[in-house]
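Chemist: My structure is below; once you've seen it, I'll send some questions.
The values are calculated or read from the model by the stated rules, or taken from the named source; none is laboratory data. Note that the coordinates shown come from a computational prediction; the quantities given were computed from them, not determined experimentally. Ideal geometry is used to build each Cβ from the backbone, glycine not excepted, and the neighbour counts take in all protein chains shown.
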Amino acid sequence: MGHICQRRCPAVAPQGLIIGYGSPVRGDDYAGQAAAELMRQWRVTGLRVITQAQLTPELAAVIARSRRVIFLDAAVDRTHVEVRLIEPATVLTSSHQSDPAALLTLARILYGHAPRAVLITIPAYDTSLSLVLSPATARAVAHAARLARAYLGRATGHCKRGPLVNR
């Protein structure tokens, strides 16, 4: 991972989109939404923030109108925050639930545009019924939000320090 440019990246994200998802009643599974809410508090100009319990096909329309999309989600199989590029899926399944790659494909098929996108996964240690994040996941949420902001700064050319994305 590269450096996180917190101070050098201005609070501007033209047509940027943050989608944080996860269950608000399953403890650390809420991490994606929590990171998105943190970014909403920063009031980044031009950034749209959406939080939902799960991804749905209806998000394809707003994704297609965006230049950059960052998906934020919790993952029980992670021990650290991870950033990776997401490409449109090659095969779509008919489901009411979606994943980031499927949403990019829907955006391209239905609306003619699939923006560049990354998925930031946040480690989840306790997904039992709870309205509170574990301390380790809460720290990871703050780190994920800073990574997302740095990625947006790089994407808009306002911040140019090293790579953030695992390929």
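Chemist: Applying the selection to segment 121-136, what residues are surrounded by fewer than 17 Cβ atoms within 10 Å (Cβ to Cβ) and part of a strand (DSSP E or B)?
Modeler: Within segment 121-136, 130 is the sole residue that qualifies.
Chemist: Checking the condition under 22 Å from residue 98 (Cβ atoms), touching a Leu at 6+ places or on another chain (Cβ under 8 Å), modelled with pLDDT of 95 or more and not acidic (Asp, Glu), which residue from 27, 20 passes?
Modeler: Only one candidate qualifies: 20.
Chemist: Looking only at segment 95-128, which residues are over 25 Å from residue 149 (Cα atoms), free of Cβ contacts under 8 Å to residues at least 24 places away in the same chain and among the polar types (S, T, N, Q)?
Modeler: 95
Chemist: The conditions are (1) closer than 15 Å to residue 121 by Cα; (2) more than 11 Å from the chain's Cα centre (by Cα), and residue 21 fails exactly one of them. Which is it?
Modeler: (2) is the only condition that residue 21 fails.
Chemist: Looking for something modelled with pLDDT under 90 and not hydrophobic (A, V, I, L, M, F, W, C) - is there at least one such residue anywhere in segment 113-121?
Modeler: Within segment 113-121, none of the residues are modelled with pLDDT under 90 and not hydrophobic (A, V, I, L, M, F, W, C).
Chemist: So which pairs qualify, if the first residue must be in segment 71-92 and more than 13 Å from residue 141 (Cβ to Cβ), the second must be among the acidic types (Asp, Glu) and surrounded by 20 or more Cβ atoms within 10 Å (Cβ to Cβ), the Cβ gap must be under 9 Å, and the two must be at least 6 apart or on different chains?
Modeler: 76/28; 76/29
Chemist: When the residues of segment 35-53 are narrowed to those that are part of a helix (DSSP H, G or I) and in contact with a Leu (Cβ under 6 Å, 6 or more places away or on another chain), which ends up surrounded by the most Cβ atoms within 10 Å (Cβ to Cβ)?
Modeler: Per the criteria, the residue is 35.
Chemist: Here are some conditions: (1) at pLDDT 95 or above; (2) outside any loop (DSSP other than H, G, I, E, B). Residue 154 meets all but one. Which one does it not meet?
Modeler: (1)
Chemist: Quick one: which of 107, 74 is crowded, with 21+ Cβ neighbours inside 10 Å, over 15 Å from the mean Cα position of the chain (by Cα) and within 27 Å of residue 62 (Cβ to Cβ)?
Modeler: From the options 107, 74, the qualifying one is 107.
Chemist: Give the residue, chosen from 62, 69, 81, that is in contact with a strand residue (DSSP E or B) (Cβ under 6 Å, 6 or more places away or on another chain), more than 16 Å from residue 134 (Cβ to Cβ), of a type in the set (Val, Ile, Thr) and modelled with pLDDT of 90 or more.
Modeler: Values: 62 fails: in contact with a strand residue (DSSP E or B) (Cβ under 6 Å, 6 or more places away or on another chain); 81 fails: more than 16 Å from residue 134 (Cβ to Cβ).
Among 62, 69, 81, only 69 is in contact with a strand residue (DSSP E or B) (Cβ under 6 Å, 6 or more places away or on another chain), more than 16 Å from residue 134 (Cβ to Cβ), of a type in the set (Val, Ile, Thr) and modelled with pLDDT of 90 or more.
Chemist: For the structure I just gave you, tell me whether residue 62 is surrounded by fewer than 22 Cβ atoms within 10 Å (Cβ to Cβ) and in a helix (DSSP H, G or I).
Modeler: yes
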